[in-house]
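Quick notes on the structure that follows.
The values are calculated or read from the model by the stated rules, or taken from the named source; none is laboratory data. If you're wondering where the values come from, they're calculated on a predicted model, not measured in any experiment. All Cβ positions, even for glycine, are placed from backbone atoms using ideal geometry, and neighbour counts span all protein chains on display.
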Amino acid sequence: MSSTENNTLNPRQREILLEIARNSIQNGLREGYPLTVNPEDFDPELRKQRASFVTLNRHGQLRGCIGHLQAIQPLVRDVAENAYSAAFNDNRFPPLSEPEFRDLDIHISVLSPAEPMEFDSEGDLLQQLRPGIDGLILEDGYYRGTFLPSVWEQLPTPELFLAHLKQKAGLPPNYWSDTLRVSRYTTESFGKE
């Protein structure tokens with residue numbers, strides 16, 4: 001199967017995206033804004049409108065994570081903007097400093113389109129979840145939260161994963177409502193230590 005049929009990126013395309021992410025953070029440290037990329041300079045797979053998240057870790061600890069759940073722009077531009085935002089605009093952390101940059105691990109997750117899930121109870125929803133595979137978007141009214149599939153590493157059971165996702169969305173862990181909506185997506189994730 002070719003990379004365009006199953007939406008996988010080849011090793012060179014992954015390397016290019018990681019380089020764009022690193023260069024965008026460096027540009028932010030020097031100039032105060034993300035790297036400007038012209039999608040036309042890249043191969044067609046990297047010009048496709050795709051959603052991405054960029055996660056930054058330092059010494060094994062989260063240092064920033066920003067992304068989009070829906071495809072709004074070419075993948076190369078999405079990665080450049082999200083890398084910059086993860087370094088400087090994640091409100092859980094102060095803006096990245098030059099000394100921190102040297103110790104940074106960058107991980108990119110390219111998302112599949114989200115698909116709404118159908119369920120009639122919390123038990124039904126929990127049975128449908130695929131640990132290690134599913135990223136989830138949970139919504140109810142103004143409340144909204146998402147976990148990437150990588151979060152299963154810290155929250156390995158469907159019950160824990162869902163309870164913590166509810167809390168991230170601003171809801172109690174035991175919350176349930178008939179208006180609750182959940183969508184799932186998968187990611188192609190890669191990084192550089």
* Asked: When you scan segment 1-83 for helices (runs of 4 or more DSSP H) that lie fully inside it, which ones turn up with 2 or more residues that are under 25 Å from PRO95 (Cα atoms) and without any contact (Cβ under 8 Å) to a residue 12 or more places away in the chain?
  -> 11-31
* Report whether or not GLU81 is of a type in the set (D, E, K, R) and either modelled with pLDDT under 95 or surrounded by fewer than 20 Cβ atoms within 10 Å (Cβ to Cβ) (or both). => no
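Take the conditions in contact with an Asp or Glu (Cβ under 7 Å, 6 or more places away or on another chain) and either surrounded by fewer than 18 Cβ atoms within 10 Å (Cβ to Cβ) or not acidic (Asp, Glu) (or both) and apply them to PRO11. Does it pass?
Values: in contact with an Asp or Glu (Cβ under 7 Å, 6 or more places away or on another chain): no; either surrounded by fewer than 18 Cβ atoms within 10 Å (Cβ to Cβ) or not acidic (Asp, Glu) (or both): yes.
Against the criterion (in contact with an Asp or Glu (Cβ under 7 Å, 6 or more places away or on another chain) and either surrounded by fewer than 18 Cβ atoms within 10 Å (Cβ to Cβ) or not acidic (Asp, Glu) (or both)), PRO11 does not qualify.
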* To do: Collect the residues in segment 131-143 that are touching a residue at least 40 places away in the same chain (Cβ under 8 Å) and part of a loop (DSSP other than H, G, I, E, B), keeping them in residue-number order.
  => ILE133, ASP134
* Asked: Name the residues in segment 144-193 that are within 20 Å of GLU118 (Cα to Cα), touching a residue at least 24 places away in the same chain (Cβ under 8 Å) and part of a strand (DSSP E or B), would you?
  -> ARG144, GLY145, THR146, ARG181, VAL182, SER183, ARG184, TYR185
* Across segment 92-123, what is the number of residues that are under 30 Å from SER177 (Cβ atoms), assigned to a loop (DSSP other than H, G, I, E, B) and in contact with a helix residue (DSSP H, G or I) (Cβ under 9 Å, 6 or more places away or on another chain)? -> 3
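If you check VAL76 against the conditions, is it more than 14 Å from the chain's Cα centre (by Cα) and not basic (Lys, Arg)?
yes
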* Count, please, the residues in segment 108-148 that happen to be within 16 Å of the chain's Cα centre (by Cα), more than 22 Å from GLU81 (Cβ to Cβ) and surrounded by 14 or more Cβ atoms within 10 Å (Cβ to Cβ). => 3
* Answer yes or no: is there a residue in segment 53-63 that is at pLDDT below 95 and at positive phi. => yes
* Asked: Under the condition of being among the β-branched types (Val, Ile, Thr) and closer than 19 Å to SER121 by Cβ, which residue from segment 149-193 is surrounded by the most Cβ atoms within 10 Å (Cβ to Cβ)?
  -> VAL182
* Asked: What number goes with the only condition from (1) modelled with pLDDT of 95 or more; (2) under 22 Å from PRO11 (Cα atoms) that GLU45 does not pass?
  -> (1)
* **Any hit, segment 154-175, residues being over 17 Å from the mean Cα position of the chain (by Cα), small (Gly, Ala, Ser) and not assigned by TED's automatic domain parsing to the domain that holds ASN38** => yes
* **Residues within segment 100-139 that are among the charged types (D, E, K, R) and touching a strand residue (DSSP E or B) at 6+ places or on another chain (Cβ under 7 Å), tallied** => 6
